[in-house]
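Undergrad: My questions all concern the structure below.
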Amino acid sequence: MSHTIQTGRRSFLIAAAAAGGGLSLGWSLPRAAAQGSAGAELGIWAVIQPDDTTIVRIARSEMGQGTLTGLAQLVADELDADWRFVKAEYVAPEVNLANKRAWGDMSTGGSRGIRMSVDYVRKGGAVGRAMLIEAAAKQWGVPTGECSAAMSVITHTPSGKRLRYGEIAAEAAKLTPPANVTVKTPAQWTLIGHGVKRLDTPDKLSGKTVFAIDVQLPNMLNAAIAQCPVFGGKLKSFDASKITAMKGVHQVVKVDDSTIAVVADKWFQAKTALAALPIVWDEGPNATVDSKQIDTLLKTGLDAKEAALGQSHGDIAAALTGAASKVEAVYGTQFQNHATLEPMNCTAKWDDGKIEIWVGSQNGDASLAAAAEAAGVKLDAVKVHKHHLGGGFGRRGNQDYVRQAVIIAKQFPGRPVKLIWSREEDMRHGFYRPITQCKLTAGLDAQGNVTGLHARISGQSILAYLAPQRMENGVDRIAFQGWTTEEYGYMAIPNLLIDHAVRNTHVPVGFWRGVNTNQNALFMECFIDEVAHAAKKDPLEFRRALMTKNPKHLAVMNAVAEKAGWGMPLPKGVYRGIAQNGGFGSYTAAVAEVSVSPKGELKILRIVCASDPGYVVNPQQVEAQIEGSFVYGLSSVLFSKITIDKGRVVQGNFDDNQVMRLADMPRVETVLVPSGGFWGGVGEPTIAVAGPAVLNAIFAATGKRIRSLPLSPQDLRAT
Amino acid sequence: MMKLNVNGKIYDVDADPDTPLLWVIREWVGLTGTKYGCGIAECGACSVHIDGVVARSCSVAAGSVTAAKITTIEGLSPDGLSHPVQVAWMQHDVPQCGYCQSGQIMAVAALLHDKPKPTEADVAENITNICRCGTYQRIKSAINTAAALSVASPATGKA
């Protein structure tokens, strides 16, 4: 993968030449141009058309998080393009592949979309700007040093002569891209740091955006799918003859050992026929597992001798033995489904040994590889059409639905087949946020200072399920997200032990927005609140004393406390809670204000959230992500859960797996305190503080500690 | 063969009359701005107007609305952007992934048609569509803006 434009460009050119690419304009990219918009290519990231339209190529995926706009801002700023002319388009995964991944990593997760692309996309913009200036200077016969660029215009300063980008781009595209360029300093930024409007908004208001589920192709068929309800179970038999006469039905396809599909003219016909298809499942040994058994399994991890080490310092055993007093608590969270509003779907077409797919994916490269594998063809026989995602949240990093679509489409050569999962299938065949419990023990001295803290996680490992090769001697590093030495914020605790007893179940697990920072921050921040209460100290002051070695965490917490008016009087019946965490390269803290009626009705009235992501590309979009992260995070804390009975998921839709709606939405006030010098993530970090801030406020209101999540239907009535 | 009036155009549709309106709109008529989210009228992604009243089209049989005027997101305004709700949505840059927004916009347009100046309680009670990205805060602000715009030019407030 290329991280600098000079090496990326060179290796690409070598690759293109070796492939006999035929560089017709000297430095253009014939295959990419064939895929994308026509125009003058300046380097590989920008295309400029005669009317100044500036198309920025985007390798990551847009799933709502605003990355498409943010990446375009980064390129356009270095290009000195007028934002009014800027559009964005995806790089096709097969074009990236054919060019030795000149556009870098397509994977979009872990809040990495911008922070891991920032160096090379900015250089890409700067390369384009240098080429435009050079071409203009050449045309005027003046030194480049006398020319400047701004708002898509090159100006020759001494004479005042001007050329629009659209007028000079074709000439510029013929030049050799410079090997080295210098990117702007933050003081020179014109677009980075500005809240420009999203590029994808207009089409999302008119219904024009074509999500993958909306793809319509000539001669297209549709498929509905059923997977064995019990994870690990298999398809035993089915009776296709019962449905083949139904209207529109073409064929029943056995997709794999545990999956069957019905293909029809229309999807609703396929779904209706699937519901009528007699299917016998061999449910296998997991068919007796339920949530109670899983809870019991996890409990065995809380005191187990063996556990994977996250981090430790000092002597925790001595600290706890010698403590004047101890505080201990056990917390637990359930499985969570992503429940993207657009259910899993993919359209595939098998034709003449080649496979073509239309998909919303968090990883275009991985979708291409999955399609090739499922079709049994080489990578270069795959074409991928990337569509905006109707939500991702980690779910669409998995390629299960792509493989299925390809396998089904192979039965219908020359005809595209669109596979759509029903909501029920989507709810019951996810890659769930892992079920987790945690036992926390703190030692205090006679003055109420923390002398030691032990946090023992017991729960399922994402890596053990999804990527066992990434386990390090039985340790899943991801289990400690938010709790690394850089992240957790309480370096001043003199004796510390954080470890993880891996307890795996038969339920598939995966990356869910915020991943394990969700549980870890909730466990730690609710527990620290408990310890502060035991020490009879103010929760904010108590934390401050533990954060003396974490100035960035502390600054963010101070910012949120100030904005929220921590310590100032509140209206009668309103109570506050606070929480902080570090994750995905950023620092976050939140204060929640809640009221709980005598009947136990919770109202979340106000959230103040502060974040330091280093640099901010688009403050409006960072605010939108923070607001949204509270909805997603609080849904899981207040209502949502996936439970298991008879080996299968109980919940099937939004009626029994409730999520937050507008009526539940608290006012969220965002405080951005970017301290500069680093690029932190945005989409996920703040989700971790949503739950604990609210739960700590509930304790302040009711004296009740909610340790088993979700909150609903627990009783908050005054006792 | 059924006849359906969608956005002022008559379509001949050979679907079974009990096929949900959502799927007839998407698969037979070919308009895909109306989305499938749950199929049980929980999420609102499929919201359309039937004779001016908002409905969750996944739970309405197409055969029951052959005499009605159906409006989808594609028919809300001539250019797809000029209905006061769309104008307000643009101003507040509401969408994130955008998948629920057709339904949100249709639900809000109907609410403002019935109650040009909705209270906070009206909004909470009537706008129950699910947004997993969590754009609710901006939706609330945009509703206020749309209400102000609708009052300023009532002629465009209908759909």
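Just so you know, all these numbers are worked out from the coordinates, no wet-lab data involved. The model shown is predicted, which means the values in this text are computed figures rather than measured ones. We place every Cβ from the backbone using ideal geometry, glycine too, and count neighbours over all the protein chains shown.
Undergrad: Going by amide H atoms built from the backbone, whose H comes under 5 Å of the H on A:HIS387, apart from near neighbours?
TA: Amide H neighbours of A:HIS387, under 5 Å, 5+ apart: A:VAL359, A:GLY360, A:SER361.
Undergrad: Enter the mean number of other protein chain beta carbons within 10 Å of the beta carbon of each residue in B:141-150, as an integer.
TA: Partner Cβ neighbours, averaged per residue: 0.
Undergrad: Which aspartates and glutamates have a Cα lying under 14 Å from the Cα of A:LYS123, excluding residues fewer than 8 positions away in the same chain?
TA: In chain and number order, the partners are A:ASP77, A:GLU78, A:ASP80.
Undergrad: Sorting check: for A:290-297, A:500-507, which peptide has the highest mean count of neighbouring beta carbons within 10 Å, and how do the rest follow?
TA: Highest mean packing first, the order is A:500-507, A:290-297.
Undergrad: Using the Karplus equation 6.51 cos²θ - 1.76 cosθ + 1.60 (θ = phi - 60°), what ³J(HN,Hα) coupling, rounded to whole Hz, does each residue of segment A:705-719 give in order, writing x for Gly and Pro?
TA: Once θ is set to phi - 60°, the couplings for segment A:705-719 become 9, 8, 10, 10, 9, x, 4, 5, x, 5, 8, 9, 4, 4, 10 Hz.
Undergrad: Between A:LYS326 and A:ALA663, what length comes free when the chain is fully extended (0.36 nm per residue of separation minus the Cα-Cα distance, one decimal in nm)?
TA: Length difference between fully extended and current span is 117.2 nm.
Undergrad: For peptide B:10-19, compute the average count of partner chain beta-carbon atoms within 10 Å of each residue's beta-carbon.
TA: 2
Undergrad: Residue by residue, what Karplus-based ³J(HN,Hα) values in Hz, rounded to whole numbers, does segment A:560-573 have, using 6.51, -1.76 and 1.60 with θ = phi - 60° and x for Gly and Pro?
TA: Residue by residue, segment A:560-573 yields 6, 5, 5, 5, 7, x, 3, x, 7, x, 10, x, 4, x Hz.
Undergrad: Report the Cα centroid-to-centroid distance between segment A:654-703 and segment A:541-602 in angstrom, as an integer.
TA: That distance is 11 Å.
Undergrad: Which residue fluctuates the most in chain B, going by a Gaussian network model with Cα springs under 10 Å, if the choices are B:ALA55, B:ALA109, B:ALA124?
TA: Between B:ALA55, B:ALA109, B:ALA124, it is B:ALA124 that shows the largest mean-square fluctuation.
Undergrad: What shape does the protein assembly as shown have by the C-alpha gyration tensor, where a ≥ b ≥ c are the square roots of the eigenvalues, rounded means a/c under 1.5, and otherwise prolate means a/b greater than b/c and oblate the rest?
TA: rounded
Undergrad: May I pose another question? Each residue of segment B:125-132 in turn: what ³J(HN,Hα) in whole Hz from Karplus with 6.51, -1.76, 1.60 and θ = phi - 60°, glycine and Pro shown as x?
TA: So the J values, rounded to whole Hz, are 6, 9, 9, 10, 5, 7, 10, 6.
Undergrad: Which aspartates and glutamates have a Cα less than 12 Å from the Cα of A:LYS383, not counting those fewer than 8 places away in the same chain?
TA: Filter leaves A:GLU94, A:ASP351, A:GLU356, A:ASP365.
Undergrad: Using the number of other C-beta atoms within 10 angstrom as an exposure proxy, rank A:TRP281, A:TRP140 with the fewest first.
TA: A:TRP140, A:TRP281
Undergrad: Taking the Cβ of B:ALA62 as the centre, find all other residues whose Cβ is under 9 Å away and add up their charges (Lys, Arg: +1; Asp, Glu: -1).
TA: Charge balance in the 9 Å sphere: -2.
Undergrad: Ordered by packing density, taken as the mean number of other Cβ atoms within 10 Å over each peptide's residues, highest first, how do A:389-397, A:230-238 rank?
TA: So the order, starting with the most tightly packed, is A:389-397, A:230-238.
Undergrad: Return the average number of partner chain Cβ atoms within 10 angstrom of each residue Cβ along peptide A:619-631.
TA: Across the residues of A:619-631, the mean count of other-chain Cβ atoms within 10 Å is 4.
Undergrad: Excluding residues fewer than 8 places away in the same chain, name every one of the lysines whose C-alpha is closer than 27 Å to that of A:LYS326.
TA: Correct list for A:LYS326: A:LYS299, A:LYS305, A:LYS439, A:LYS536, A:LYS537, A:LYS549, A:LYS704.
Undergrad: Turning to a different aspect of this structure: Treat the count of other C-beta atoms within 10 Å as a stand-in for reagent exposure and order A:LYS536, B:LYS115 from fewest to most.
TA: A:LYS536, B:LYS115
Undergrad: Answer with one residue from A:ILE225, A:ILE644, A:PRO571: the one whose Cα lies farthest towards the positive end of the charge dipole of the protein assembly as shown, charges on Cβ with Lys, Arg +1 and Asp, Glu -1.
TA: Farthest towards the positive end: A:PRO571.
Undergrad: Order of B:ILE50, A:ILE133 from fewest to most other C-beta atoms within 10 Å?
TA: B:ILE50, A:ILE133
Undergrad: Under the rule of at least 5 residues apart or a separate chain, name every residue whose amide H is placed under 5 Å from the amide H of A:GLU669.
TA: Under 5 Å from the amide H of A:GLU669 lie the amide H atoms of A:ILE607, A:VAL608, A:CYS609, each far enough along the sequence or on another chain.
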